[in-house]
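J.: To start, I am sharing the structure in question, which I have written as structure tokens.
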Amino acid sequence: MAFVIKDAYVQIDGTDLTTDGASVSVEMTAEDVVVSTFGAGVVQHLGGLRSDQFLITFLSNFDADRVDDTLFPLLATVDSTPEFTVRVAAFGSTPSDANPTYTSDRCILLNYSPISGDIGARSETQVTIPSNSLIVRDTT
């Protein structure tokens, strides 16, 4: 079933940031490990280590319990790399067979730009949030 994203759900570290979101992508990628041998005649592949991440664009917001208030304390430093939970779904917060929720409870934030935009344009905050574990798909 094709659909248009219009009510995706985004929660970071327990804070619902859905109304600040402008785009979201859940990426789950396994490394391509080539295992070809002499005489195979084709390149043969195995899945290697996974590299799962969330890519989210928010409209910049400095209000309490909104984008900056949530993300800034999660930014990793040399002395602290806090892990936090990210939950994303296409159609609101209730998981179902038709609306799986993608979750990782071991996400980290390595890069954060609280203000970004051109003159006369909206200010956006684009974040790539890697996961230190596999992103889990849940329908219940």
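The values are calculated or read from the model by the stated rules, or taken from the named source; none is laboratory data. Computed from a predicted model, the values in this text were never measured in an experiment. Counting neighbours? That spans all protein chains shown, and the Cβs are built from the backbone with ideal geometry, glycine included. We work out accessible area using only protein heavy atoms, side chains counted, and drop any ligands, DNA or RNA first. Shrake-Rupley method; radii C 1.70, N 1.55, O 1.52, S 1.80 Å.
J.: Multiplying the sequence separation of His45 and Ala8 by 0.36 nm and subtracting their Cα-Cα distance, what value in nm do you get?
T.: This chain segment gains 9.9 nm when fully extended.
J.: Treat each spin label as a single point 7 Å out from the Cα along the C-beta direction, and report the Thr57 to Asp79 distance in nm.
T.: Taking the two extended label points, one gets 3.6 nm.
J.: Please give the calculated 222 nm ellipticity per residue for the chain, where each DSSP H segment of at least 4 residues contributes -39500 (n - 2.57) and the sum is spread over every residue; nearest 500 deg cm²/dmol?
T.: -500 deg cm²/dmol
J.: 7 Å from Cα along Cα→Cβ at both Thr37 and Ala22: what's the point-to-point distance in nm?
T.: In this crude label model, Thr37 to Ala22 measures out at 5.3 nm.
J.: For the chain, compute Rh as the Kirkwood radius over C-alpha pairs and then the Stokes-Einstein diffusion coefficient at 25 °C and 0.890 mPa s; write the answer in µm²/s, rounded to an integer.
T.: Rounded to a whole number, D works out at 147 µm²/s.
J.: Here's a follow-up. Would you calculate the separation in nanometres between label points at Ile115 and Met1, each defined as 7 Å from the Cα along the Cα-to-beta-carbon direction?
T.: A separation of 4.4 nm, rounded to one decimal place.
J.: While we're here: When the dipole is taken about the Cα centre of the chain, and only Lys, Arg (+1) and Asp, Glu (-1) are charged at their Cβ, what size is it in debye, to the nearest 20?
T.: The calculated dipole for the chain is roughly 360 debye.
J.: Something else now. Amide H of Ser123 versus every other amide H placed in the peptide plane: which residues, excluding those fewer than 5 positions away on the same chain, fall under 5 Å?
T.: Here Ser60 satisfy the definition.
J.: Using a 1.4 angstrom probe, figure out how much accessible area the chain has per residue, in square angstrom, rounded to the nearest whole.
T.: Each residue of the chain exposes 62 Å² on average to a 1.4 Å probe.
J.: What whole number of Å gives the distance from the Cα centroid of the stretch 36-65 to the Cα centroid of the stretch 113-128?
T.: If you average the Cα positions of each part, the centres end up 24 Å apart.
J.: At 1.4 Å probe size, with the rest of the protein present, what percent of the exposed accessible area of the chain is carbon and sulfur atoms?
T.: That fraction is 53 percent.
J.: Specify whether the C-alpha gyration tensor of the stretch 58-140 places it in the rounded, prolate or oblate class, a ≥ b ≥ c being the square roots of the eigenvalues: rounded for a/c under 1.5, otherwise prolate if a/b is larger than b/c and oblate if not.
T.: It is oblate, given that a/c is not under 1.5 and a/b is not larger than b/c.
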